[in-house]
Amino acid sequence: MPLTDIDINTLIKEMTEAAKKELKSKWKEVKPFAEQQLKSFAENIKMIAVLKAKGKINEEKARLHLAIQKESARTVLLTIEGIGLIAAENAINAALKVVQTTVNKSIGWALL
Amino acid sequence: MNSKYGYSGKRNVFSITVLFFIFLYSCSSVRLIQEYDEITDQKLTALQEKMARFFVKMERQIGFPESKYENYIEFYDDVKTELNVLEVRSRAIPKSDIVQQQLKSVQSQITNLEKLHKLGFNSYEELIPIRNALDNSFAAIIQLQMSLKSRIKL
């Protein structure tokens, strides 16, 4: 299949499903951000394919373009990973806060 | 007079007290990822503005000699220096692996943009996917900084 025949919607759907599967419980927190970024990534890939097909860029340039897109996607995935860590951290700290409140209340002063 | 609890009893009370303080200590907030860093956030926003200006200028200049790589060497030097400064700063912040990797990723994108610029741009169309990619990268890094800022603290 030529690159220009890439079905953007299918590509976005498949990328979203793959990300969702990997992220599991963290997906809910990152969904709006991840979906928007994956859509943009797929559109950029399609744009590069069209530029190459029209002869506006050669193979060397196409490779550099794709390397930029790959690194950009990496940056986005790292943010998703970071947001997932913050979500896990928030869950732990929210639980600890309950312990803190209970202990402080039971002894009558702010020990924790 | 002997104590009511004896030596082993005292040792048990001591152990329980130690365990209690270990428990209290463990109740301090958990950190899985670095603290929010205001300077990184500000510098990244400034860098993103610089990149946005680059694309606006290139859109106007493309097709003219002003858009040639030779006229942008200083721009690339500045951007690479700023990214390097940010990366070194990030290395000094505990649990900053993710942000460090993000900065390296942006450095790599700038290096490839520079290589493409050296080869020459024939139309602004060529720059659109690069601008989008860099916008997405900066948006992602700034989004993470915002999430770090709004995390739950004990």
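Details
- Span-like helix check, chain B: no full DSSP H segment qualifies, none having both a Cα axial length of 18 Å or more and a mean Kyte-Doolittle of 1.6 or more.
- Residue with peak Gaussian network fluctuation, chain B [Cα springs, cutoff 10 Å], from B:ASP37, B:ASP97, B:ASP77: B:ASP77
- Principal axis box of the stretch A:18-60, alpha-carbon based, largest edge first, Å: 44, 16, 12
- Compared with the dominant Cα axis of chain A, that is its longest principal axis, helix A:8-23 is turned about 30°.
- Rounded to the nearest 20, the Cβ-based charge dipole of the stretch B:50-154 about its Cα centre (Lys and Arg +1, Asp and Glu -1) stands at 600 debye.
- Here is how the number arises for chain B: DSSP H runs of 4 or more residues each give -39500 (n - 2.57), the sum is divided by the residue count, and the result at 222 nm is -24500 deg cm²/dmol.
- For the stretch A:56-61, 3J(HN,Hα) per residue [Karplus equation, 6.51 cos²θ - 1.76 cosθ + 1.60, θ = phi - 60°, Hz, x = Gly/Pro]: 7, 9, 8, 5, 4, 5
- Helix A:27-53 vs. chain A, principal-axis angle (Cα, 0 to 90°, nearest 10): 10
- Comparing mean-square fluctuations of B:ALA46, B:ALA140, B:ALA92 from a GNM of chain B with C-alpha springs under 10 Å, the top value falls on B:ALA92.
- Part-to-part distance (alpha-carbon centres) for the stretch A:51-112 and the stretch B:28-56, which is given in Å: 14
- Rounded to whole numbers, the Karplus 3J(HN,Hα) couplings from phi for the stretch A:65-71 are 4, 5, 5, 5, 4, 4, 5 Hz, using 6.51 cos²θ - 1.76 cosθ + 1.60 with θ = phi - 60°, and x at Gly and Pro.
- Taking the C-alpha atoms of the stretch B:38-149, convex hull volume expressed per residue in Å³: 86
- Estimated vicinal HN-Hα couplings, Hz - the stretch A:80-93 in sequence order (Karplus 6.51, -1.76, 1.60; Gly, Pro = x): 4, 4, x, 5, x, 5, 5, 4, 5, 4, 4, 5, 5, 5
- Look at the Cα gyration tensor of chain A: its axes a ≥ b ≥ c give a/c of at least 1.5 with a/b over b/c, and that counts as prolate.
- Loop-located trypsin sites (Lys or Arg not before Pro) in the stretch B:108-154, at most 15 other Cβ atoms within 10 Å (DSSP): B:LYS153
- Taking a straight line from the alpha carbon of A:LYS61, these aspartates and glutamates sit under 17 Å away, with near neighbours fewer than eight places off in the same chain left out: A:GLU71, B:GLU114, B:GLU125, B:GLU126.
- Per residue, the Cα convex hull of the protein assembly as shown amounts to 170 Å³.
Bear in mind that the values in this text are calculations on the coordinates, not laboratory data. Predicted model only: the values in this text are computed from it and were never measured. Quick reminder, even Gly has a Cβ in these numbers, built from the backbone with ideal geometry, and neighbours come from all protein chains shown.
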